[in-house]
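Step one of this worksheet: look at the structure below.
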Amino acid sequence: MPPLRPARARGRQHALRKETTVAKTISARIDGELVAAQEGQSILEVATACHKRIPTLCYMPGLSAAGACRLCIVELEGSDRLLAACTTPIQDGMSIRTQSAKLALYRRMAVELMLVERSHVCSVCVSNGHCEFQNLLISLGITHSRYSSDGPGFAADMTHPRFILDQNRCVLCTRCVRVCAEVEGAHVWEVSSRGISSHIVCDLNESWGNARNCTGCGKCVQVCPTAALTMREVSVCPPRKDTDRVARLAVRRTESRHSRPGVSS
Ligand code: FES
């Protein structure tokens, strides 16, 4: 009978086997073009690598996909269901369409509902001219919503010495929730309530200034695609947000986490 190996050695070998596992290559069609992909990649990752433009709002590289905005919907041949490209893994033999009249209609509807859920009057917004959501609206050719709303009328939280939270501008993309938990590790933000009453809260519904877990890093502010989270001292004309820098940080963190032996996603 062979001698028993110590548990630590067995663990190292297991980790080594895991690290050397090569992802299976699969093929699919995106807008008629044959593409190669790694098993486990999302439709959005593969489409983006193939220079296909799919609109996104809640997605951010390096963060877990939330599937919150539904702007990245795509059509799958042979199915009536529309799939969120950011949360759907690509599969061998899939045939996906990223642009069509039906998709444009549904994407427009999703954005229009976001517009009426909160107050997005660009002309009186501090992010006017450098707002990711505004740029998205422009790229989709959306100038107004067909639905009417009085807006939710949230009071702005100005208790933090450096930042302001204005729920009236929030699109509930949850980037702030994910970047705070997955990159900063502070877990300050969360989504409270359901449906039309959903809103973000910090430290279990504390005012931001009293949120003990907040490190004041500002990553949530940088990744917010609207003026829901802004810098306080420059609120008259805040600088452009550096979402890309935080996204690069998030990607590096995810990569280093995956390269550690024995750690899987
Ligand atoms: Fe996919 Fe928002 S980007 S659901």
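Nothing in this text is a laboratory measurement; each read-out follows from the coordinates by a stated rule. Please read these numbers as outputs of a predicted model, since none were measured by experiment. Heads up, the Cβs are rebuilt from the backbone with ideal geometry, glycines too, and the neighbour counts pull from every protein chain shown.
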Could you check which residue among 51, 120, 199 shows the biggest mean-square fluctuation in a GNM of the chain with a 10 Å Cα cutoff? 51
Only Cα pairs within less than 10 Å get springs; with that Gaussian network setup on the chain, which residue of 55, 152, 225 has the largest fluctuation? 152
At most 10 other Cβ atoms within 10 Å and a DSSP loop assignment: could you name the trypsin sites (Lys or Arg not before Pro) in segment 147-220 that fit? 194, 212
How far apart, in nanometres, would the label points at residue 148 and residue 113 be if each is projected 7 angstrom from Cα along the Cα-to-Cβ direction? 2.1 nm
Magnitude of the Cβ-charge dipole of segment 121-241, K/R +1 and D/E -1, about the Cα centre, nearest 20 debye? 240 debye
Per-residue ellipticity at 222 nm for the chain, helices alone: DSSP H runs ≥ 4 residues times -39500 (n - 2.57), over residue total, nearest 500 deg cm²/dmol? -8000 deg cm²/dmol
Cα-projected label distance for residue 245 with residue 231, points at 7 Å along beta-carbon direction, nm: 0.9 nm
Along the positive direction of the dipole of segment 25-99 (beta-carbon charges: Lys, Arg +1; Asp, Glu -1; about the Cα centre), which of 41, 72, 94 reaches farthest? 72
Considering only DSSP beta bridges where both residues belong to the chain, give the percentage that are antiparallel (nearest 5). 90 percent
Size of the dipole of the chain about the Cα centre, Lys and Arg at +1 and Asp and Glu at -1 on the beta carbon, nothing else charged, in debye to 20? 940 debye
